[in-house]
Amino acid sequence: MILTIVGARPQFVKAAVVSKAFSEAGVEEEIIHTGQHYDYEMSTVFWEELGLPTPSVNLEVGSGSHGKQTGIMLQKLEDFILDLPEKPQALLVYGDTNSTLAGAIVASKLHIPVVHVEAGLRSFNRNMPEEINRILTDHASDFLFCSSEEGVTQLAKEGITKQVYNVGDVMYDALLTFSEIADKKFNLQDIIPFEADSYYLATIHRPSNTDNDANLTSILQAFGELSKPVVWPVHPRNKERLKTVSIPKNLHLIDPVSYFKMMVLLKNSFKVITDSGGLQKEAYWMKKPCITVRGETEWKETLQGNWNILTGPNQQKILKASTDSPNTTWKPLYGEANATNKIAKILKATGIV
Ligand code: UD1
């Protein structure tokens with residue numbers, strides 16, 4: 001049995017498609033929800049919509065400082081695993097959240113092989129908690145599944161060469177699997193009162209952008225000068241914060257949306273403005289130009305041909321990027337949307353599950 005650890009929004013999406021591949025390949029899986037995300041819009045709606053198997057347990061860790069949140073996860077996860085009737089054959093984690101790191105540490109201490117999906121990514125910005133989570137998780141992992149050759153090369157530079165595979169990105173599988181279903185389920189006007197191609201889709205939630213007055217002001221001023229409405233589904237951590245600042249007239253704040261609704265918003269957007277990791281890739285796959293409000297990205301391939309432009313929280317750079325267009329023809333990135341089957345196949349072939 002493989003034990004999968006999820007806790008934050010994007011991990012539910014990844015697990016939905018990987019779990020399906022496991023089930024089709026006859027791999028027995030149990031899922032643990034750490035409870036890092038717990039609001040209906042941040043968690044439950046994803047499980048309902050994506051048909052994820054019910055988790056064996058929700059550890060209900062909730063919010064807290066990084067150390068506290070990760071520490072509680074370590075304790076609760078270890079207790080849960082030690083109480084299982086049989087030791088898992090492997091433990092799988094996704095991406096770079098605190099839930100990812102906690103899973104990797106607990107499993108490696110219990111001598112359970114760690115499988116890391118989205119391995120080898122680096123932003124080279126160690127101020128991001130995610131960067132530390134990625135590095136530590138990779139170095140505790142036994143099977144490392146990368147989204148591109150870049151990840152494989154980076155791991156080799158860090159001395160990690162065994163059981164490293166470039167399988168492509170599981171989010172691509174998810175996007176192709178679910179976006180048609182999403183289109184059938186929701187009309188754009190069910191979600192926002194705008195026409196297709198008439199708005200920017202924005203998500204800003206990194207503490208470096210939202211918790212710093214100068215940076216948030218600069219981003220909001222840039223939004224205010226854009227010629228189209230900006231639709232921003234607001235992460236709960238920023239709700240109160242946005243009540244304390246002046247909101248430009250063309251900014252349309254909405255509650256967090258489900259994955260299906262996000263797919264519909266993305267597909268119909270004019271461009272994307274974000275500091276999220278996953279949305280940079282999703283924008284690329286949907287052939288939408290992306291403005292990334294960060295100084296660096298771990299998804300470097302998307303920068304080719306101006307498909308994705310790094311601006312940091314700089315008003316002038318955001319405005320300049322809003323007028324730029326991609327200057328190369330779109331080509332597939334991060335595999336061919338069959339990463340999930342490859343992962344299941346490789347794990348079976350190695351005999352680990
Ligand atoms: C986490 C990940 C980030 C990922 C994001 C996806 C880490 C270090 N960060 O960031 O990499 O991109 O998830 O969405 O793991 N909150 C709620 N309700 C919830 C969850 C959170 O109100 O259901 C609020 C709380 O105030 C909490 C804050 O959001 O303190 C931050 O949540 P947390 O899970 O710590 O980090 P994210 O910003 O969501």
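We did not get these values from a lab; they are worked out from the coordinates using the rules stated. Because the structure is a prediction, the values reported are computed rather than measured. Note that each Cβ is placed from the backbone with ideal geometry, even for glycine, and that neighbours are counted across all protein chains shown.
When the listed pairs LYS287/LYS331; LYS281/LYS317; LYS109/LYS345 are checked against a 19 Å cut-off, the alpha-carbon distance exceeds it for LYS281/LYS317; LYS109/LYS345.
The separation of region 172-246 from region 86-102, counted between C-alpha centres, amounts to 30 Å. Taking amide H as placed 1.01 Å from N in the peptide plane, the amide H of GLY295 sits under 5 Å from that of GLY312, each at least 5 places away or on another chain.
Taking +1 at the Cβ of each Lys and Arg and -1 at the Cβ of each Asp and Glu, which of GLY335, THR203, ILE81 sits farthest along the dipole of the chain towards its positive end, judged by Cα position relative to the Cα centre? Ranked along the dipole, the leading option is THR203. For region 99-221, the alpha-carbon coordinates run over 52, 41, 27 Å along the three principal axes, in decreasing order. Here ASN127 and MET286 are evaluated by their C-beta separation; at R0 = 35 Å the FRET efficiency comes out at 0.75. Calculate for the chain the 222 nm mean residue ellipticity that helices alone would give, adding -39,500 (n - 2.57) per DSSP H run of length 4 or more and normalising by residue count, nearest 500 deg cm²/dmol. Result for the chain, helices only: -13000 deg cm²/dmol.
Modelled this way, with points 7 Å down the Cα-to-C-beta line, the labels at GLN316 and GLN75 are 5.1 nm from one another. Computing Rg and the Kirkwood Rh from the Cα coordinates of region 24-168 gives a ratio, Rg/Rh, of 0.96. Taken as Cα centroids, region 1-42 and region 268-309 sit 25 Å apart, rounded to the nearest whole angstrom. Highest mean packing first, where packing is the average number of other Cβ atoms within 10 Å per residue, the peptides 109-116, 76-83 line up as 109-116, 76-83.
Counting only Cβ charges, +1 for Lys and Arg and -1 for Asp and Glu, the dipole size of region 238-331 around its Cα centre is about 240 debye.
Dimensions of the chain along the principal axes, based on C-alpha atoms and rounded to the nearest Å, stand at 58, 41, 41, largest first. Stokes-Einstein diffusion for region 195-283, with the hydrodynamic radius set to the Kirkwood value over Cα pairs and evaluated at 4 °C in a medium of 1.567 mPa s, equals 98 µm²/s.
Given that compact globular proteins tend to follow 2.2 N^0.38 Å, what is the ratio of the alpha-carbon Rg of region 254-323 to that value? Numbers along the way, then the final one.
Numbers: Rg = 11.7 Å, N = 70, 2.2 N^0.38 = 11.1 Å.
My calculation over the Cα atoms of region 254-323 gives 1.06.
Placing unit charges on the Cβ atoms of the charged side chains and taking the dipole of region 275-336 about its Cα centre, the candidate lying farthest along the positive direction among MET286, GLN304, GLN315 is GLN315. Expressed per residue, the C-alpha convex hull volume of region 36-101 stands at 104 Å³. Charges were assigned to the Cβ only: +1 to each Lys and Arg, -1 to each Asp and Glu. The resulting dipole of the chain about its Cα centre is roughly 760 debye.
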